[in-house]
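The values are calculated or read from the model by the stated rules, or taken from the named source; none is laboratory data. On a predicted model such as this, the values are computed, not experimentally measured, just so you know. Every residue, glycine as well, gets a Cβ built from its backbone with ideal geometry; the counts of neighbours run over all protein chains shown.
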Amino acid sequence: MNFIAVLVISSGFFSCNSAKYHHYNQGVVFPYQSHHGRYRFTFFDAKEACAEQDATLATYKQLYRAWTEGLDWCNAGWLSDGTVSYPVLQPRPACGGDLLSGIRSYGPRHKTRDHYDAFCFTSTTKGSVFFIPGPFNSAEAERACRRDGASLAKVGQIYSSWKFQQLDHCDGGWLQDISVRFPIIHPRERCGGIAEPGVPSKSLRPIGAYCYR
């Protein structure tokens, strides 16, 4: 199994998710939400958000393929056809309940009135992602990348590098959307090796920068 452990910094608090993010030869599907919190995107917001992260809204077929490879995610997200779904591998309270595993679909939703997260799809990129150790705040991280002739990586770019270039790094780093993430190919102790590994605090693990060039 492949993992990306994700530390997201938003509105002054930390949230940590460890999930199986799923891929196949053509690309990788990943869930994405606003840095303002859960369920903030209209359909058009979701489409724009994926594009800003070097990705597109995933199709139902792409999400289904990701689910068959183990994607398990309880937040509903927009797909490219204007429907809303979420993939459940292991049903549990508040996430599929007593139903069988599968793709939960809300069907078509109102594209401007209803708000959800997004499922994005990205494939190969021409460049590569590399890590610069911190500690940095987000502005310092951006300057550090520029000094190396690069820019802060987009979320789609770090997923692509994880999938196609085997990017594996346990240190959290800033991305262009002001989130902090780290990509894991080989889970190990204190690095995605248990179901909910958590993420060390800033004082224990300084935040660096993931740059794209």
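Couple of notes before you dig in:
- Residues (free of Cβ contacts under 8 Å to residues at least 60 places away in the same chain, surrounded by 12 or more Cβ atoms within 10 Å (Cβ to Cβ) and outside any strand (DSSP E or B)) located in region 107-136: none
- Every pair of residues 6+ apart whose Cβ atoms lie under 8 Å, when the first sits in region 57-77 and is of a type outside the set (Asp, Glu) while the second is in a helix (DSSP H, G or I): Leu57/Ala46; Leu57/Lys47; Leu57/Cys50; Ala58/Ala66; Leu71/Leu63; Gly77/Ala46
- Scanning region 41-71 for residues that are under 15 Å from the mean Cα position of the chain (by Cα), of a type in the set (A, V, I, L, M, F, W, C) and part of a strand (DSSP E or B) yields a single hit, Leu57.
- Region 46-68 - residue that is charged (D, E, K, R) and surrounded by 17 or more Cβ atoms within 10 Å (Cβ to Cβ) and, of those, modelled with the highest pLDDT: Lys47
- Condition check for Leu71: modelled with pLDDT of 95 or more and surrounded by 15 or more Cβ atoms within 10 Å (Cβ to Cβ): no
- Residue pairs whose Cβ atoms lie under 8 Å apart, separated by 6 or more positions or on different chains, with the first residue in region 183-198 and closer than 15 Å to His169 by Cβ and modelled with pLDDT of 55 or more and the second surrounded by 14 or more Cβ atoms within 10 Å (Cβ to Cβ) and charged (D, E, K, R), are Pro183/Asp168; Ile184/Asp168; Ile185/Asp168; His186/Asp168.
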